[in-house]
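Trainee: First the structure, which I've put down as structure tokens, then a few questions once you've had a look.
The values are calculated or read from the model by the stated rules, or taken from the named source; none is laboratory data. Predicted model, so just to flag it, every value in this text is computed and none were measured. A quick note on method: Cβ atoms are made from the backbone with ideal geometry, for glycine too, and the neighbour counts reach across all protein chains shown. Areas reflect the complete protein model, heavy atoms only, side chains present, ligands, DNA and RNA absent. Shrake-Rupley method; radii C 1.70, N 1.55, O 1.52, S 1.80 Å.
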Amino acid sequence: MKDKDYSKYFKTPSVKQARKRTFTEVSKEEYGVPTHLKDIAKGKKYKIQTYGCQANEADSENIKGILETLGYSETEDEAMADFILLNTCAIRENAENRVFGELGRLKKYKRHNPDLLLGISGCMPQEEKVVNKLLKSYPYVDLVFGTHNIDKLPTYIETALFNKERVVEVFSEEGRVVENMPRKRNHPYKAWVNIMYGCDEFCTYCIVPYTRGTERSRSPEDIIEEVKYLKDEGYKEVTLLGQNVNAYGRDFKHKPYSFANLLEELALTGIERIRFQTSHPNDFDEASVQMIGKYDNLMPHIHLPVQSGSDEVLKRMNRKYTKQRIFDLVDQMRTHIPGVSITTDLIVGFPGESEAHFEDTLDMVKKVGFEGAFTFIFSPREGTPAANFEDPTPVEEKRKRLAHLNEIINEGFAKGHKRFEGEIVKVLIEGESKNNSEVLAGYSEHFKVVNVRGDKSLIGKIVPVKVTNAKTWFLEGELVESTR
Ligand code: SF4
């Protein structure tokens, strides 16, 4: 298998460049695929493997939309594919190792089908060390592009397909907002809606500000138009996406417009359910909390990553808030949104986290009573400040802390289910339960998984369910009379 030459599309990432925050105005562009590229891949098939967060899920939906305008159709069978793309995540080391393992495994398909294109996109290619490794050890990877240039895919496919050249183009820039990219949504009833891209918080452990660029908000008009379109298309639920949705509108130069303003305008579109992620305790203002309490179609579930309960650790993480701020914010939420369900993200074993710091976290978790959490052991990311912090705590100790924390989190999880026993909850039925095709499954407004027996014609509908039993990981219920 002869290595391909590099094309003119050759640009590698620079963490120094990615750290810059200079520009003043977001450049908004309209997407358009050059006519001569339409259907250049007619009859060919693609397969995308998506790793990581909802932002990557949403990007994969755009990539699929673009590939299908080029004539590709989707396949789940990698042996049938003419283009295999790994859309990657850089948040933790083990996620990256898995991807390199996958590239190694997929090499065999190139022997059977030399015209097969293999590509990698997303956050990993935004890292210098990753691209250096790809150039050195993975010469059979045809396409390497990042988070800032998905809209250039038609040209890259043309180059790889017809010129048989490698494309390695990654921009370490602050970023643009490209509107109207084609999109193939993964779900028929609920949709991801990007409201902003990038992040300027620079938490010391996080690689996102370097891989996804600066904070750039889409215009409220474009977002409202998209949600109205989705409602008219029969979507029941939208989830607003951003690395820090509470910072929405902060980059607008011409008019003050906040996340609370956007929530109100979207609630007034009348779509049945609106969710959002990811929030930041430092920027979550009371106006947004009050808005969620004011409109029934703003869901009473808030995912609020707090990461730690120790003021010292929060400072070293550059999270810009204290334990007391978490308590005050949660009180506000419980005041304005009675019965609100709050979940979180927590990191244990951050460099320098002492036993006492960890106890602060446990104390905070118990006092707040989170109804669920994603919990992780700190993973150093090259290029971030925390990767160079002294870290004397042995990994066994960190594992013990994680296990201890998960016990308390699971108690909160179970309590968060128990409180719904005997209640009637509204459930968006999404399909058959994973464990039993006789049973339907969906999510309640408080983002609880609910299993209920019923006719498959209820799939895609929001129905009232009486909760009969709270299991550890889900609720069991029965359809309320009128729905049967
Ligand atoms: S706010 Fe979130 S995405 Fe932004 S730097 Fe912090 S952890 Fe990363």
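Trainee: Where does helix 54-69 land angle-wise versus the long Cα axis of the chain, in degrees 0 to 90, nearest 10?
Mentor: 40 degrees
Trainee: While we're looking at this one, here's another question. Please compute the modelled spin-label separation between Lys320 and Glu390, points set 7 Å along Cα→Cβ, answer in nm with one decimal.
Mentor: 2.9 nm
Trainee: Output the peptides 304-313, 361-370, 394-403 sorted from most to least packed, where packing is the average of other Cβ atoms within 10 Å over each peptide's residues.
Mentor: Packing proxy ranking, top to bottom: 304-313, 361-370, 394-403.
Trainee: Taking 25 Å as R0, compute the FRET efficiency from the Cβ-Cβ separation of Glu68 and Lys231 and round it to 0.05. Write down the numbers at each step before the final one.
Mentor: Values: r = 23 Å, r/R0 = 0.94.
So, using R0 = 25 Å, E works out to roughly 0.60.
Trainee: If R0 is 22 Å, what FRET efficiency do you get for Asn297 and Asp331 from their C-beta distance, rounded to 0.05? Before the final figure, lay out the partial values.
Mentor: Numbers: r = 24 Å, r/R0 = 1.10.
My answer for the efficiency is 0.35.
Trainee: At 1.4 Å probe size, with the rest of the protein present, what percent of the exposed accessible area of the chain is carbon and sulfur atoms?
Mentor: Details: 10430 of 20830 Å².
That fraction is 50 percent.
Trainee: Amide H to amide H, which residues 5 or more places from Trp192 or on other chains are under 5 Å from it, using H placed in the peptide plane?
Mentor: Distant-sequence amide H within range of Trp192: Thr239.
Trainee: For the chain, what is the accessible area per residue in Å², given a 1.4 Å probe and the full set of protein chains? Before the final figure, lay out each step's value.
Mentor: Values: 20830 Å² over 484 residues.
Dividing the accessible area of the chain by its residue count gives 43 Å².
Trainee: Oh, and also: For Lys164 and Thr35, what does the FRET efficiency come to when R0 = 25 Å and r is the distance between their Cβ atoms, rounded to the nearest 0.05?
Mentor: Numbers: r = 23 Å, r/R0 = 0.92.
It comes out at approximately 0.65.
Trainee: Moving to a separate point now. Glu423's amide H: which non-local residues (gap 5+, or another chain) put their own amide H closer than 5 Å, with H modeled 1.01 Å from N in plane and none for Pro or chain starts?
Mentor: Val467
Trainee: Restricting the count to DSSP beta bridges whose residues both fall in the chain, what percent are antiparallel, rounded to a multiple of 5? The partial results should precede the final answer.
Mentor: Working: 22 of 69 bridges.
Antiparallel bridges make up about 30 percent of those DSSP assigns within the chain.
Trainee: Test of understanding: extend the Cα→C-beta vector of Glu221 to 7 Å, then name every residue of segment 174-197 with backbone N under 18 Å from that spot.
Mentor: 177-181, 195-196
Trainee: Okay, moving on. Quick check: the angle from helix 93-112's long axis to the longest principal axis of the chain, C-alpha only, nearest 10 degrees?
Mentor: Tilt relative to the chain: about 40 degrees.
Trainee: Could you run the Karplus curve 6.51 cos²θ - 1.76 cosθ + 1.60 with θ = phi - 60° over segment 7-20 and give me ³J(HN,Hα) per residue in whole Hz, x for Gly and Pro?
Mentor: Those phi angles translate into 8, 6, 8, 9, 8, 9, x, 9, 5, 4, 5, 5, 6, 5 Hz.
Trainee: Here is a follow-up. Would you please state which residues of segment 354-378 a label at Glu397 would reach in this model, taking the label point 7 Å out along Cα→Cβ and a backbone N cut-off of under 16 Å?
Mentor: Under cut-off, by backbone N: 354-361, 377-378.
Trainee: Would you calculate the separation in nanometres between label points at Glu407 and Ala79, each defined as 7 Å from the Cα along the Cα-to-beta-carbon direction?
Mentor: 4.8 nm
Trainee: Also, quick follow-up: Considering the dipole of the chain built from charges on the beta carbon (Lys and Arg +1, Asp and Glu -1) around the Cα centre, which of Val465, Ile429, Ser258 is farthest to its positive end?
Mentor: Ile429
Trainee: Report, in degrees rounded to the nearest 10, the 0 to 90 angle that the Cα long axis of helix 128-137 makes with the longest principal axis of the chain.
Mentor: 50 degrees
Trainee: No other cysteine beta carbon under 4.7 Å away is the test; run it over the chain and list who passes.
Mentor: Cys53, Cys89, Cys123, Cys199
Trainee: Continuing with the same structure: Over segment 193-294, what is the percentage of antiparallel beta bridges among all DSSP beta bridges, to the nearest 5? Write out the running numbers ahead of the final one.
Mentor: Details: 2 of 9 bridges.
Counting only bridges with both partners in segment 193-294, antiparallel ones make up about 20 percent.
Trainee: On to the next question. Would you compute, from DSSP H runs of 4+ residues alone, the mean residue ellipticity of the chain at 222 nm, taking -39500 (n - 2.57) per run and dividing by the full residue count, rounded to the nearest 500?
Mentor: Details: 13 runs with 154 residues, N = 484.
Dividing the helical sum by the residues of the chain leaves -10000 deg cm²/dmol.
Trainee: Modelled label-to-label distance, Glu421 and Lys434, 7 Å Cα→beta-carbon offset: nm?
Mentor: 2.5 nm
Trainee: Using θ = phi - 60° and the Karplus relation 6.51 cos²θ - 1.76 cosθ + 1.60, list the HN-Hα couplings for segment 367-379 in order, rounded to whole Hz, with x at every Gly or Pro.
Mentor: So the Karplus estimates, Gly and Pro as x, are 5, 6, x, 4, 9, x, 6, 8, 10, 9, 8, 3, 10 Hz.
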